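Worksheet for the structure shown next.
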Amino acid sequence: MQKTLRRYAAVFVLPTAVAFTVAFLIPFLMGIYLSFTEFTTVTNAKWVGFSNYLRVFRDSSDFTNAFWFTAKFTVVSVVLVNLFAFSLAMLLTRGIRGTNVFRTVFFMPNLIGGIVLGYIWQLIINGVLSWFMVDITFSASYGFWGLVILMNWQLTGYMMIIYIAAIQNIPSDLLEAAAIDGASPRQVLRNVILPMVMPAVTICTFLTLTNSFKLFDQNFALTGGAPGRETAMLALDIYNTFYGRVGYEGMGQSKAVLFFIMVAAIAYLQLRATRDREVENA
Amino acid sequence: MAGITLKNVVKTYGPEATVIPGMDLEIRDKEFLILVGPSGCGKSTTLRMIAGLEEVSSGELYIGDRLVNDVAPKDRDIAMVFQSYALYPHMTVYKNMAFGLELRKTPKEEIDSKVREAAKMLDLERYLDRKPRSLSGGQRQRVALGRAMVRSPEVFLLDEPLSNLDARLRTEMRSQIGELHRRLQTTFVYVTHDQTEAMTMADRIAVLKDGVIQQADTPKKLYNEPCNMFVAGFIGSPQMNFIEARLEKGEGDDWYLNSGALAMQVPSGRFSGERLQKYAGTTIIVGIRPEDVISVDSHRYKESDGLIRGQVQTAEMTGAEVYLTILTSGGSRVMARVSSRIMPQVGDEITLAADGDKLHLFDRETEQAIR
Amino acid sequence: MTGKEKKAARRVLFVWLVFLAAVFVAPILVVLLNSFKGQFYITDEPFRLPTAETFVGLTNYAAGIAKTGFWQAFGYSLFITVCSVGVIVLFTAMTAWYITRVKSRPARIFYYLLVFSMIVPFQMVMFTMSKLANMLGLDNPAGIVFIYLGFGAGLSVFLFSGFVRAIPEEIEEAAMIDGCNPIQMFFLVVFPMLRPTAVTIAILNTMWIWNDYLLPYLVIGNKYKTIPIAVQYLQGGYGSRDMGALMALLVLSIVPIIVFYLTCQKHIIKGVAAGAVKG
């Protein structure tokens with residue numbers, strides 16, 4: 001089959017390959033190249049070496065602020081989302097009436113697009129804050145917590161589903177054995193349930209981590225970065241660099257490359273951590 | 001209707017990985033030929049080369065008079081039954097069987113009649129609308145057979161089709177497949193690692209080891225006249241006993257002596273004196289099947305048969321017979337298969353005889369039979 | 001716990017869940033209510049129910065639809081999503097099958113590149129890609145489908161590959177002997193066996209593409225609007241924004257996705273759980 005199939009490469013692979021090259025590969029390589037240049041359009045690029053990268057940190061603290069904001073936000077989100085999701089999953093695996101309806105309700109926010117989400121919560125948060133005569137752009141921490149709330153609303157349901165599947169996969173005889181051994185619910189949780197759902201924890205952590213770190217739409221809609229640029233996360237900062245003013249495209253590109261390196265590093269670390277843990281369990 | 005010819009067929013997967021060094025085999029038209037051998041001997045590879053699923057590295061492969069080395073499987077007029085049945089899970093039994101015909105643009109009525117005919121022959125009529133996942137192993141097996149039959153190919157290829165079935169089903173299916181062969185009058189090439197299967201079903205058997213055909217013959221001939229130790233040990237269960245013995249020349253006839261297990265005269269007529277002469281004074285291997293190690297009370301016993309004395313180590317009763325392992329005074333272990341009328345106990349001293357008419361002699365170095 | 005205690009505990013749990021569910025649904029309800037209020041009564045008191053004074057019926061909806069060309073936006077979102085998802089599922093399945101069965105060097109390299117692309121954040125390529133799309137004339141709804149194929153290929157090929165590997169090669173060999181050429185083999189034998197995976201991948205891609213803002217905005221945004229772009233459009237500019245229209249538009253944006261979800265619920269949930277395992 002191999003031999004005959006090879007002749008059909010054009011049919012099976014070419015469309016994907018061409019689309020991939022045009023939409024991703026070339027832009028990616030161009031992006032790396034351009035990060036070392038100063039340019040306004042792709043054709044008039046002037047090589048400037050690492051100066052763009054240096055400017056990223058020297059010219060303003062936007063990027064560094066965005067980094068810390070993003071990092072804090074990510075950590076908080078990962079912890080909270082997984083905590084809520086897991087708790088909900090535990091509640092929804094008791095066979096209570098209407099479990100399916102609850103599942104639907106908790107998952108639904110995940111379907112809604114980032115921009116729409118941002119405006120929904122902007123309305124609500126501003127509505128609450130108006131009692132105190134302020135709005136979300138008053139302080140960066142309002143924006144921060146607003147985003148955290150939004151993130152939890154959006155992601156908890158998704159992660160909950162994964163946890164539910166993991167919990168349901170725990171062999172019932174393990175739980176029965178624990179009950180016979182006289183374990184209290186907390187002990188069961190710690191010694192039986194948690195270890196068994198570890199793979200799900202890994203996956204959910206990874207998903208919340210990457211989703212939080214790369215967040216754009218919601219950030220854009222909810223605060224737009226206000227006040228000033230203080231609530232701009234990394235993705236939004238890069239966007240602003242490109243499209244906020246003219247003349248900073250090279251810097252935008254180098255910020256993007258740095259962003260990519262960060263995301264890749266996170267993915268790599270996660271992979272290593274999972275693999276080590278899997279080796280442990282094996 | 002076609003026979004299959006392999007002329008110096010070689011299969012390699014790379015410079016250091018030659019699986020089949022050069023095979024010559026003639027499979028006659030309408031014959032039921034079984035390729036048998038231990039895992040990794042190349043029997044499946046050979047079958048797949050005939051099917052066209054593996055490329056022939058060098059040599060010639062003929063189906064009928066056609067050279068088919070570069071012919072695609074679908075144009076070789078063959079059909080194959082896989083060990084795992086390989087049924088299309090998303091198609092009904094009917095569709096599974098009709099698929100090949102549909103691809104060849106066979107008219108609908110013809111497809112229908114052929115499928116139903118095969119279904120009838122294989123007792124699958126009730127299952128035509130079912131999907132494979134709701135069928136048992138035996139039923140799936142029959143669908144696989146039906147799929148192959150419906151195409152009326154020149155050659156049927158079967159790759160260990162019964163290996164995934166339980167023992168009782170296997171025996172049942174064995175006779176069904178044999179019956180099928182008789183009805184269809186088509187060449188069957190069958191692969192198995194189970195020598196019992198081979199012995200009961202085949203017209204001829206080709207025993208393979210490391211990609212080389214050791215012997216290709218009728219079951220009877222393989223059993224009675226194995227050409228080397230491998231074939232002798234592979235065919236027949238339990239395995240043939242191999243005992244080292246010195247061949248000494250006596251007066252006129254030769255006779256031999258063993259280090260304690262056996263001492264007897266070589267029956268005249270069965271072995272050429274010339275060949276024996278070459279081994280005079282050397283150690284050779286004597287082969288005797290457990291079923292040919294007989295009780296001295298047996299009607300087969302003759303005075304010239306050598307005696308085997310020893311202590312019973314194990315005794316496994318299988319109903320009509322007992323399998324005994326005997327430890328001789330020389331330290332050899334001999335297995336015997338005798339009638340359970342004897343019923344020896346473990347630890348008993350026992351004297352049995354080696355039926356001289358069923359002796360096999362082998363060269364100790366080359367492992368070839370001495371005739 | 002005794003039976004009675006258990007029952008009571010269950011009831012408490014139930015009430016607690018109802019409460020949480022209400023909290024979860026509340027934001028949507030708030031938006032819904034506000035969409036029926038006059039635009040100046042929203043920002044300051046979003047939690048007040050519409051009164052006779054503030055109730056404006058469907059005015060906001062009419063305004064929102066008119067200002068953003070919502071129906072066109074809906075049409076474009078639908079066209080782009082459906083076509084992109086269809087194209088992605090078809091071509092990535094084919095590519096995944098080819099790469100898994102043909103173990104040539106170029107195929108393997110392509111696979112690694114695809115997997116690699118899953119890690120790269122959009123910001124890395126957004127500027128160059130939109131300019132390139134512009135240069136190649138891909139800045140239209142049909143062109144963006146092509147771009148989505150290139151972008152969505154990574155994840156989809158990766159997921160498909162896992163499932164293609166699970167298909168026993170013997171089935172394909174049987175099909176070869178039955179007489180299939182590669183195209184027949186793929187459409188008649190392989191793809192039907194991949195159907196469950198295809199559904200999952202279709203759902204994942206639908207959710208991504210339907211809600212996508214940045215990519216369409218950069219590539220076709222100045223000439224065509226999708227729903228997310230339309231929503232953002234109401235926001236743009238430094239003048240005041242019509243909150244009423246915004247509320248209405250938010251509701252209109254949510255409705256299709258909820259309908260989609262309620263119809264395919266089972267598959268979506270199954271897909272989420274399954275996709276996570278592969279991840």
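The values are calculated or read from the model by the stated rules, or taken from the named source; none is laboratory data. Bear in mind the structure is a predicted one, so any value in this text is a computation, not a measurement. Neighbour counts run over all protein chains shown; Cβ positions are idealised from the backbone, glycine included.
Points worth noting:
- Flag: A:THR43 does not match the condition of being in a helix (DSSP H, G or I) and away from every other protein chain (no Cβ under 13 Å).
- Among residues of segment C:49-70 that are free of Cβ contacts under 8 Å to residues at least 24 places away in the same chain, those with a beta-carbon under 6 Å from a residue that is of a type in the set (Lys, Arg) at least six positions away or on a different chain give the pairs C:PRO50/C:LYS37; C:THR54/C:LYS37.
Residues checked against (1) outside any helix (DSSP H, G or I); (2) under 21 Å from the mean Cα position of the chain (by Cα); (3) aromatic (Phe, Trp, Tyr); (4) not assigned by TED's automatic domain parsing to the domain that holds C:LEU90:
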{"position": "C:MET126", "(1), (2), (3), (4)": "no, yes, no, no"}
{"position": "C:ASN134", "(1), (2), (3), (4)": "no, no, no, no"}
{"position": "C:ASP139", "(1), (2), (3), (4)": "yes, yes, no, no"}
{"position": "C:ALA153", "(1), (2), (3), (4)": "no, yes, no, no"}
{"position": "C:PHE158", "(1), (2), (3), (4)": "no, yes, yes, no"}
{"position": "C:SER161", "(1), (2), (3), (4)": "no, no, no, no"}
{"position": "C:VAL164", "(1), (2), (3), (4)": "no, no, no, no"}
{"position": "C:ALA174", "(1), (2), (3), (4)": "no, no, no, no"}
{"position": "C:VAL190", "(1), (2), (3), (4)": "no, no, no, no"}
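- Residue match in segment B:360-371 (condition: at pLDDT below 85, surrounded by 17 or more Cβ atoms within 10 Å (Cβ to Cβ) and hydrophobic (A, V, I, L, M, F, W, C)): yes
- All conditions but one from (1) in contact with a helix residue (DSSP H, G or I) (Cβ under 7 Å, 6 or more places away or on another chain); (2) in a loop (DSSP other than H, G, I, E, B) apply to A:VAL263; the one that does not is (2).
- Residue within segment B:32-40 that is more than 13 Å from every other protein chain (Cβ to nearest Cβ) and at pLDDT below 90 present: yes
- Residue satisfying all of: in segment C:101-146; more than 8 Å from chain A (Cβ to nearest Cβ) and of a type in the set (Phe, Trp, Tyr); nearest to A:LEU207 (Cα to Cα) among these: C:PHE116
- Among the residues of segment A:95-116, those that are out of contact with any Leu (no Cβ under 7 Å at 6 or more places or on another chain) and outside any helix (DSSP H, G or I) comprise A:GLY95, A:ARG97, A:GLY98, A:ILE112, A:GLY113.
- Selection over segment C:235-250 of residues that are at pLDDT 75 or above and either aromatic (Phe, Trp, Tyr) or surrounded by fewer than 21 Cβ atoms within 10 Å (Cβ to Cβ) (or both) gives a count of 3.
- Matching residues, segment B:52-85, being of a type in the set (Gly, Ala, Ser), crowded, with 23+ Cβ neighbours inside 10 Å and touching a residue at least 40 places away in the same chain (Cβ under 8 Å): B:ALA79
- The set of residues in segment A:113-145 that are within 7 Å of another protein chain (Cβ to nearest Cβ) and touching a Ser or Thr at 6+ places or on another chain (Cβ under 8 Å) comprises A:GLY113, A:VAL116, A:LEU123, A:ASN126, A:GLY127, A:SER130.
- Selection from segment B:73-93 of residues that are in contact with a Gly (Cβ under 6 Å, 6 or more places away or on another chain) and more than 8 Å from chain C (Cβ to nearest Cβ): B:ARG76
- Checking each residue in segment A:95-121 for being basic (Lys, Arg) and on the phi > 0 side of the Ramachandran plot picks out no residue at all.
- Selection count where residues are under 13 Å from the mean Cα position of the chain (by Cα) and aliphatic (A, V, I, L, M), scope segment A:43-78: 4
- Under the condition of being touching a Gly at 6+ places or on another chain (Cβ under 7 Å) and in a helix (DSSP H, G or I), the residues counted in segment B:178-224 number 2.
A quick yes/no check of all residues on (1) under 30 Å from B:PHE234 (Cα atoms); (2) buried (at least 23 other Cβ atoms within 10 Å of the Cβ); (3) more than 18 Å from the chain's Cα centre (by Cα):
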{"residue": "B:GLU117", "(1), (2), (3)": "no, no, yes"}
{"residue": "B:LEU128", "(1), (2), (3)": "no, no, yes"}
{"residue": "B:SER136", "(1), (2), (3)": "no, no, yes"}
{"residue": "B:ALA148", "(1), (2), (3)": "no, yes, yes"}
{"residue": "B:PRO161", "(1), (2), (3)": "yes, yes, no"}
{"residue": "B:ARG168", "(1), (2), (3)": "yes, no, yes"}
{"residue": "B:ARG183", "(1), (2), (3)": "no, no, yes"}
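- Residue satisfying all of: in segment C:147-159; within 20 Å of C:THR197 (Cβ to Cβ) and within 11 Å of chain A (Cβ to nearest Cβ); surrounded by the most Cβ atoms within 10 Å (Cβ to Cβ) among these: C:VAL157
- Residues (of a type in the set (Val, Ile, Thr), within 11 Å of chain A (Cβ to nearest Cβ) and out of contact with any Ser or Thr (no Cβ under 9 Å at 6 or more places or on another chain)) located in segment C:191-219: C:ILE203
- Annotation: of all residues in segment C:178-206 being among the hydrophobic types (A, V, I, L, M, F, W, C) and free of Cβ contacts under 8 Å to residues at least 60 places away in the same chain, the one that is nearest to C:LEU90 (Cα to Cα) is C:PHE187.
- Filter result for C:ILE80 (out of contact with any helix residue (DSSP H, G or I) (no Cβ under 9 Å at 6 or more places or on another chain) and either facing chain A (nearest Cβ under 8 Å) or not in a loop (DSSP other than H, G, I, E, B) (or both)): no
- In segment B:306-333, the residues that are buried (at least 18 other Cβ atoms within 10 Å of the Cβ), touching a residue at least 40 places away in the same chain (Cβ under 8 Å), among the hydroxyl-bearing types (Ser, Thr, Tyr) and assigned to a strand (DSSP E or B): B:THR328
- Looking only at segment B:334-352, residues that are without any contact (Cβ under 8 Å) to a residue 60 or more places away in the chain and surrounded by 12 or more Cβ atoms within 10 Å (Cβ to Cβ) come to 9 in all.
- Where a residue in segment A:132-152 is touching a residue at least 40 places away in the same chain (Cβ under 8 Å) and its partner, wherever it lies, is among the hydroxyl-bearing types (Ser, Thr, Tyr) and part of a helix (DSSP H, G or I), with Cβ under 7 Å and at least six apart: A:ILE136/A:TYR142; A:VAL148/A:SER77; A:MET151/A:SER77; A:MET151/A:SER212
A quick yes/no check of all residues on (1) in contact with a Gly (Cβ under 9 Å, 6 or more places away or on another chain); (2) in the same structural domain as A:ILE203 (by TED's automatic domain parsing); (3) more than 30 Å from C:MET247 (Cα to Cα):
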position: A:GLY95; (1), (2), (3): no, yes, yes
position: A:ARG103; (1), (2), (3): yes, yes, no
position: A:GLY114; (1), (2), (3): no, yes, no
position: A:MET151; (1), (2), (3): no, yes, no
position: A:LEU155; (1), (2), (3): no, yes, no
position: A:LEU174; (1), (2), (3): no, yes, yes
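- Residue count for segment B:94-113, restricted to those that are in a helix (DSSP H, G or I) and within 14 Å of chain C (Cβ to nearest Cβ): 10
- Extreme residue, nearest to the other protein chains (Cβ to nearest Cβ), among residues of segment A:4-35 that are crowded, with 19+ Cβ neighbours inside 10 Å and touching a residue at least 24 places away in the same chain (Cβ under 8 Å): A:GLY31
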